[in-house]
Structures are given as structure tokens and as C-alpha cells.
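To keep things clear, I will list the structure first and then write my remarks on it.
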Amino acid sequence: MGTLTQQKAQQTMPQQQQTLFNRRALLNGAAGGFGALALNALFPPTLLGNDHQLIKTPTGVHNALKGLPHFKPRVKRVIYLFQSGAPSQFETFDYKPELEKVRGQDLPESVRQGQRLTGMTSGQKNFPMAPSIFKFAQHGQSGTWMSELLPHTSKIADDICVIRTMYTEAINHDPAITFMQTGAELAGRPSLGTWAVYGLGSDNQDLPGFVVLTSNGSGRPDDQPLYDRLWGSGFLPTKYQGVKFRNAGDPVLFLKDAPGISRTMRRDMLDDLAQLNTLKSQQCHDPEINTRIAQYEMSFRMQASVPELTDFSKEPQSVIDSYGPDVKKPGSYAANCLLARRLAERDVRFIQLYHRGWDHHGGLPKAMKGQCNDTDQATAALIQDLKQRGMLDDTLIIWGGEFGRTVYSQGELTADNYGRDHHPRCFSLWLAGGGIKAGTVYGSTDDFSYNTITPDQKVHVHDLNATIMHLMGIDHTRLTYPFQGRHFRLTDVHGTVVKGILS
């Protein structure tokens, strides 16, 4: 094998030399090389964001940046249940009984206060207020108000913390989802999961540190698309990007070797390929070559780990039943919730579920029933499952979408039908798990869920992300990466840890 590698390296050497020593490469290397030397002399390695080390942990090898975690973490892993399309707070967690008294009346300007509208409702002649047609009740010792659409989530009321005063600047789906996931409305930044794995590494060498699962809701099957850049690495090395499992067929392509290829042959081929890539890396100093080597190795290990991971046959029937009948449908939200628990058991650092179908500009009552039927039982089962296994204390769960919904109806308001437009000023989201003050409600909105009436309890997207990182042992202001002349971070130049929701 070594001889073959040397022969291949010698065959490609003229082309490598041409690449390395042409005029463009010389000028580029001279300018960047001396600049890099100067920066290394001025700044400590950890500030430059490229100094990883292998740290032995009780569960394995942990490829973290030096100095991380910055302090003792409250959680080891995150499961982010992202409800893409923006669930209505009026039909879930923000009870507004006074709205029934003003049903159909135009939203007062004193409430709207000139706030911007989307192009979908800006042309409406009036804005008739639409109270929810669903009943609400208080649940648990906490007395948290929840809609009748969430009978299973209501049983875990004392395990969650509901934030009613989330807000964002983004008013349309794509920039809003991008903002929630990457801390910027424009595409191209690293995602939250990427930052976490870049800083803290992973305790499982046989699975990616950041895994993404997607499902399609029954409330609106043609809902907003999901783009791979939402879990991308941006300007960070690509080995930290999320690995998306497919929701049909094999979760990962090419899990099985081609006919006639044995595991020994595959191992020998990868060893030989790694030698060639290592030679190229030593000559070009391109970090993406090392990423390629790591990805080949991870793919080899996943051929053994993924089939075992996705095999639910050994799960107790009581657990299967707790997630609901859809758990037997690969790619469903319920199946993904159970898969998320299995990933968490295997110490995957960041697990993100995206469930589409929450964008209800019309026909909201029927669509909300479908979406809640998709998600309610499995979400509650995941919390209870983790709790029974003693894992909830070191796992953080987040449930929520990209913004809220308007108090006024988009289009015609009838006795049993209405729609709601986008509303970024206040929306509901909940968290559970390690470090979270369970059984609480944080923040209050006005009678129209249009404005926050507790200004000291407003929670911006950057505040939420700063808090998530804090619970993982990361100071969000100190995890940075140099790019295009400045040091970037997930929370840009903003973000405050929301201490009021921490236990």
C-alpha cells in the first residue's frame, strides 16, 4: 500500500507543483503568510479560534478548543425541536380571554403603534381581531395556561419554562429562520449547532457531533422549504456542519459497501486515500483536506453505528406506545423524537429536529389541529423518556418557531375559520432540562399578544442563543472565529444570558 501511495503521489507531483508555484499562488501566499505570522505574534491561539486539542473524558475523546468549556456546563447536549413556519401563540401558550369581547373589531392603532406589516396583509382595509376558538386551562402545580390542542404537553407543564416574550427583527420566514439558527438574517453564517460542536467537540467518535432530522407536518404539507445552510458551517470548517439524516429510505446514503467490497478492502482503501490526502495537506495547508479525511473516517464508522442507532426493535413496547402511532413511520416527527433520544444516549452533542407545516395564513383552526396532532404526544414522550432515564438533568430541550402570529385575521374572519399573519414583536417558546427553572412562565404580553408589557423580560433571539450556550458551558462573547478582517461570534455584538429562566 505504501508503494502505491508513493506512486500516486509522484504521478500528481507536477500538477501540485504547478498549483503551488504559479504567480497567483506565490503572491497570495506571500500576502497571507506574513499577515498570519504577524497575527500569531499578536494574539493568543485560542483567540484565533483554531487551536483544538484532544481531551480525555469519561465517555471518550473530546475534540474541544483549548479553554473550553469556559465554566462548568449545566448540560451535555441539546435537542432543538424547531417548529418551522411559526406556531400561533394564541392557539398554544398565550391565553387571551379578553379578546372575545372585541371579536371582529378593528385592531386599535394605539395597540399597533405603527408597527410594520407584511405585504400579505398591508393591503387589508381593516384588521378584525380573532380570538382563538380553542379552550384553555391551567395545568400542573405551576398553573401554566395551555390550549386544549396540547393535552400531552399539558402533562409536563411542571417540567418546562414557557417564554411568552420572545421577539425578533425579522418579519418573513427565511430571514427569521436563518436568524434563529445562525444569529444573522443573511445566509452564510455558522449555525448554532456548528458553533457548539466547534467549541466543545463530540464525545462520540462513531456519530457526527451535530445531527439534523426533518419531518413534514399535516397542517400545511406545502409549507416553507428548509435549506441545508440552516445547519451549515458557514465560514467554520465544514467538518462541524450538521449531518442531515434522510426521512425516507436509508437515513444516510451508501451505508452498505458495494457488492464484492469487504470491510477489510474498504479499510485498506481508506488508509491509502488518507495517506494521499495527508501528502496533499502538507503541501497545500488547506484545512478542508483534513476535513475530507475526517469525513471519510466518520463515514466508515457510521456504516456500523447508524443501522444500530435507527433500529427500534429492541425498544420496550411501552416506550414505542408512548410516542404515538406515528413512531412507526420513518421520517415522522414521532420517529424523529425517539431517534433524538437514542442520539442523546450516544452523546451526540447537538440534535436538531425541524418540523414543517406551521405557516397558517388561512384555515388556521384545522391546520393547527393537524400540527398539534403531529407533535404533541411525541414531544411530551421525549421529555418523559429522558426524565425516566435520568437524562433530562443534563439535556436541554427547546421547542419553538421563528416568530409569532397576529391577533387580527388575515382574510375573512368567520365563526370557525380565520388565518393569522407574521408577528415578530412577541411569541412563545419553551425550554426544559438542565439548568432551566421548570414549571414557570417568563414574561407577559398585552391583551392582544401584540406588545410585551414586561420590558425587563423581553427575550431577543441573541439572548436565547446566549443562554443556550451558557448552559453548555460557553461564554458566547468568547467563542469567536476570525473571518474577513474581524472576529465573528454567534450572537454578533449582542446577547444577554436570560438569568430569570435559570434554576
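A short reminder: the numbers here are calculations on the coordinates, not readings from a lab. Since the structure is predicted, the reported quantities are computational estimates derived from the model, not experimental observations. Please note: Cβ atoms are built from the backbone with ideal geometry, for glycine as well, and neighbour counts cover all protein chains shown.
Remarks
- With the simple model of a label 7 Å out from the Cα in the direction of the Cβ, residue 261 to residue 437 spans 5.5 nm.
- Prolate/oblate/rounded call for region 63-211, Cα gyration tensor, a/c under 1.5 rounded: oblate
- Here the ratio of the Cα radius of gyration of region 80-141 to 2.2 N^0.38 Å is 1.38.
- Figure legend: label point modelled 7 angstrom from the Cα of residue 366 along Cα→Cβ; residues of region 107-136 with amide N under 18 Å from it are 133-134.
- Using a Förster distance of 56 Å, the FRET efficiency for residue 503-residue 124 (Cβ separation, nearest 0.05): 0.80
- About the Cα centre, charge dipole magnitude for region 122-234 (Lys/Arg +1, Asp/Glu -1 at Cβ), debye: 400 debye
- For region 212-300, applying the loop criterion from DSSP together with a ceiling of 14 other beta carbons within 10 Å to the trypsin sites (Lys or Arg not before Pro) yields 246, 256.
- Here is the list for region 198-302: chymotrypsin sites (Phe, Trp or Tyr not before Pro) lying in DSSP coil, each with at most 16 other C-beta atoms within 10 angstrom of its C-beta, are 227, 235, 254.
- Top positive-direction residue, dipole computed over the chain with Cβ charges, set 201, 127, 449: 201
- All Cα-Cα separations within the chain were binned at 10 Å from zero, giving a P(r) of 4, 18, 27, 24, 15, 8, 4, 1, 0, each value a whole percent of the pairs.
- Options 309, 323, 379, ranked by Cα towards positive dipole end of region 307-438, top entry (Cβ charges): 379
- Full-extension gain in nm, residue 328 to residue 253, via 0.36 nm per residue minus C-alpha separation: 24.9 nm
- Label separation (residue 288 vs residue 444): 5.4 nm, computed from points 7 Å beyond Cα along the C-beta direction.
- Relative protection proxy for 328-339, 215-226, from highest mean packing down: 328-339, 215-226 (other beta-carbon atoms within 10 angstrom).
- Set of lysines with alpha-carbon distance to residue 244 below 23 Å, sequence-local pairs under 8 removed: 76, 256, 328, 329
- Using alpha-carbon coordinates, inclination of helix 364-388 to the longest axis of the chain, degrees: 60 degrees
- The charge dipole of the chain, taken about its Cα centre with unit charges on the Cβ atoms of Lys, Arg (+1), Asp and Glu (-1) only, comes to about 1040 debye.
- Simple rule: put +1 on each Lys or Arg Cβ and -1 on each Asp or Glu Cβ in the chain, find the dipole, and look at 438, 482, 413; the Cα lying farthest toward the positive end is 482.
- In terms of overall dimensions, region 351-415 has a Cα radius of gyration and Dmax of 15.7, 49 angstrom.
- Counting only DSSP beta bridges whose two residues both lie in the chain, roughly 55 percent are antiparallel.
- Placing +1 on the Cβ of every Lys and Arg and -1 on the Cβ of every Asp and Glu, with nothing else charged, gives region 309-460 a dipole about its Cα centre of roughly 300 debye.
- At full extension, residue 115 and residue 246 could sit 43.1 nm farther apart than now, given 0.36 nm per residue minus the alpha carbon distance.
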